[in-house]
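Read-outs: derived from the displayed coordinates by stated rules, not from any lab. This one's a predicted model, so the numbers in the text were calculated from it and none came from an experiment. Heads up, the Cβs are rebuilt from the backbone with ideal geometry, glycines too, and the neighbour counts pull from every protein chain shown.
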Amino acid sequence: MSTTVKPSRPTRPVRPVLAALRDRAVRLAELATTPLLPADYLDLVHPLRSGTDLRGRVESVTRETADAATLVIRPGADWAGHVPGQYVRVGVDVDGVRQWRTYSITSELARADRCISITVKAVPGGVVSTHLVHRTRPGTLVHLDQATGEFVLPAPLPAKTLFVTAGSGITPVMGMLRNHLAEPSDVVVVHSSPTPDDVVFGAELRALAASGAIRLVERHTRTDGHLDAALLTELVPDLAERSAWACGPLPLLDLLEEHWATAGLGTLHVERFRTGVVVTGEGEGGTVSFGRTGTAVEADGATSILDAAESAGVLMPSGCRMGICFGCVLPLREGAVRDLRNGELTVAAPGDGVLVQTCISAAAGACDIDH
Amino acid sequence: MTTLQKKSENPIAHLSAEEIELLGKELDEIRQEVLDSRGESDAAYIRTVIDVQRRLELGSRAVLLASFFPPAWLLGTVGLSVAKILENMEIGHNILHGQWDWMRDPKIHSTTWEWDMASPAEQWKHSHNELHHTYTNVVGKDNDLGYGIMRVDEDQRWHPIYLAQPLWNFVNACFFEYGIAAYDLELGKNLASKRRRNDPAFVAGYKQVLGKIRRQATKDYLVHPALSGPSFVPTLLANVTANVVRNLWSHSVIMCGHFPEGVETYEKTSIEGETRGEWYLRQMLGSANISGSKAMHLMTGNLSHQIEHHLFPDLPSNRYAKIAPKVKDLFARNGLRYHEAPLPQQVASAWHKVFRLSLPNGWLAETTPRNAPAQLAKLWKMTTGGPKVRRALSAA
């Protein structure tokens, strides 16, 4: 069901002699900065330089719709580039807490300023998306990972392509359209959004349609209802001849996958954003698995992860056992835990870099602890 | 100091078990209020302090490149001393407590931070966060009380060796960071027997400390002086001075936290089955604050709010001053003593105790200008005589 295309990543030429010299210079400089690293001082003045953690600076924030905005970001010197359709993980400090989210890159590859752009739709209750759309100012530093993802177009392009998108699902597709439309191809875009005003990149898509570069089918769900398989077949009669890419809410993707499987159609490439962490009710707990030791423990919601793990024979780091010494802190790779002292919930997705005190945290759903 | 349980007047006798639990609940609420309002401005605070500290250190070291010029030496040394104090106190100590872990910034996190201190972060977190903060002021459990190296309790039998205790305390203050490292290694206990000396965990520990001391010394006493070229010696002296100033300062601040007269200590058996409320109460009476300006609080790493810090060791340090009035009010309403005084007074009080206990019980209190010759003669006899003489004279 997913793509077989391996994105080729532009790499920087490595000059081994220079790299070795640089390493030696850094080691010498470390003698003068221990216990800190030279980087800790250099980051004060040049956070986007080569050789440091990958960061980016927000250059501009442009409103797209009432609740969506495009952020142009200047990535650090070590940015390795991207393939249209790929996404980037962005770490933003919201209310002082580092939060990581994934956004599709929407910019053109040939930008003269070497910046990238992401387009964010503020999700109701979304801590990060709301912050990025409404409260982020130019100059803000964000943290980045290298671009990744398999939701990309093959080379050469298939003769006929179909994109089915909904809501912010248009973003990776926009990334592709902006970079590949020069190549001759018969492109159909079926896009759903609540109203015409909610279409992210609405004007640009409509202009592309008017120029004949794409055939655009806009569906406005508030008046037209949701898309289904029969309707899609009706809207795109040559469905079977098209290579398809889909991105949007999970119900839409599930529906499309089912239709493609039952109708025996060709390849459907889907991009799923964020599989939500399942949080159980207070006191219910969940399965706690320890990735490295390969054990799994059933823990109820009233027992600390530390106690549950120890009674199952897992060797755990521990200290005061009352939440003050931070001797038991371990990475929560994925899952949800509840603070036994005040019921506060902590949720983590892979790569979020969330560490929890196991002595005062109980499982609040399936948890994957890196230990 | 005499443990609270052995005192004739118990300062917590007037509190019922319910009142103690209620007090714990109120403190939990204060903690929750801070958690609920913790955010961007707190994060900005610690990042600013770190930023300022790094620039100050770099700037001071740059000035010291010309340290053959006396004003440059003075300026650079003052700057470096302040930078080293900030690095240890407001930054290192508090980050290693996990006070900033909530930011999820891997660069400012208790699990990744390392500081300019002979004791490696990992070892210090064990002896300080786990042992000292859990068993605060419990005799036999909390080594911070100093039983291992000093006479800190009237119930410890006096021996002439304790006459040197003030001197020993001063030497310890000058080399405080090495004292802390030795203490985290439990050097006294571990060097005592061959089995302990060869214990792989101990060997790994002291190798780690030696490695760290070597790196620190190379940096302060070799690399930076060498970078100064003709100013090698003045820069070396500047680094020595800054380290000693930092050591003396942190020793003073830390002595003020638990050592002034009137801070309570506890019997080991008293913490069996201790409730959350009782744990809070022990922290309340086992710590002493330093009153002073904002600058004073910053330079002590907010350990000037030792009481608030011991109640909530994992709350951001910039919040202690803000919750202090509420905590103080709680003390007043419960008829408890909020131990607070300016730095000179607390330091003097702590040193008074060091002197008092370096002498036989009661000797300092009984001595007046008039009976001084007789008292000195008695002290002489006790010092030169055997245990029998000492027992007879101290009973007299």
* For segment A:19-39 and segment A:314-371, write down the distance between their C-alpha centroids in whole Å. => 34 Å
* Asked: In which sequence would B:K141, B:K189 go, from the one with the fewest C-beta neighbours within 10 Å to the one with the most?
  -> B:K189, B:K141
* To do: Could I have the simple spin-label model distance between B:N371 and A:A80, label points 7 Å from Cα toward Cβ, reported in nm to one decimal?
  => 8.3 nm
* In whole angstrom, how long is each semi-axis of the equivalent ellipsoid of chain B, when you take the square root of 5 times every eigenvalue of its Cα gyration tensor and sort them from largest down? -> 35, 30, 21
* Return the loop-located trypsin sites (Lys or Arg not before Pro) in segment B:293-391 (DSSP other than H, G, I, E, B) with at most 14 other Cβ atoms within 10 Å of their own Cβ; answer none if there are none. => B:R337, B:R370
* Give the order of B:E87, A:E258 when sorted by the count of other beta carbons within 10 angstrom, beginning with the fewest. => A:E258, B:E87
* **Within segment B:135-174: backbone nitrogen closer than 12 Å to the B:K381 label point (7 Å, Cα to C-beta)** => none
* To do: Can you tell me the FRET efficiency between A:R15 and B:A348 if r is taken as the Cβ-Cβ distance and R0 is 51 Å, rounded to the nearest 0.05?
  => 0.20
* Structure fact -> If unit charges are put on Cβ atoms (+1 for Lys and Arg, -1 for Asp and Glu) and the dipole of the protein assembly as shown is taken about its Cα centre, the option from B:H109, B:Y147, A:L132 lying farthest towards the positive end turns out to be B:Y147
* Would you work out the charge dipole size for segment A:171-243 about its Cα centre, treating the Cβ of every Lys and Arg as +1 and the Cβ of every Asp and Glu as -1, and quote it to the nearest 20 debye? => 160 debye
* Structure fact -> In degrees, nearest 10, the alpha-carbon axis of helix A:250-262 is tilted away from the dominant principal axis of the alpha carbons of chain A by 60 degrees
* Under 9 Å from the Cβ of B:E261, count the other residues' Cβ atoms, weight Lys and Arg +1, Asp and Glu -1, and hand me the total. => +2
* Structure fact -> Here FRET efficiency (C-beta to C-beta, B:V203 to A:R341, R₀ 30 Å, nearest 0.05) is 0.20
* To do: Please report A:H226, B:H93 as a ranked list, fewest other C-beta atoms within 10 angstrom at the top and most at the bottom.
  => A:H226, B:H93
* Asked: Roughly how big is chain B's charge dipole about its Cα centre, with Cβ charges of +1 (Lys, Arg) and -1 (Asp, Glu), in debye to the nearest 20?
  -> 1720 debye
* Structure fact -> Shape descriptors of segment A:285-369 over alpha-carbon atoms, Rg and Dmax in angstrom, are 11.1, 30
* **Net charge dipole size for chain A [Lys, Arg +1 and Asp, Glu -1 on Cβ; Debye, nearest 20]** => 1460 debye
* Once the other residues with Cβ under 13 Å from the Cβ of A:G291 are scored (Lys, Arg +1; Asp, Glu -1), what is the net sum? -> -1
* Positive-pole candidate from B:A341, B:S119, B:I213, dipole of chain B, charges at beta carbon -> B:I213
* What number comes out for the charge environment of A:G96, summing +1 per Lys or Arg and -1 per Asp or Glu over other residues with Cβ under 10 Å away? -> -1
* R0 = 22 Å: FRET efficiency of B:L248 with B:A164, Cβ-based, nearest 0.05? -> 0.70
* Go through A:A80, A:A68, A:S50 and say which Cα lies farthest out towards the positive end of the charge dipole of segment A:49-92; charges sit on Cβ, +1 for Lys and Arg, -1 for Asp and Glu. => A:S50
* Relative to the longest principal axis of the C-alpha atoms of chain A, give the angle of the C-alpha long axis of helix A:170-180, reported between 0 and 90° and rounded to the nearest 10°. => 60 degrees
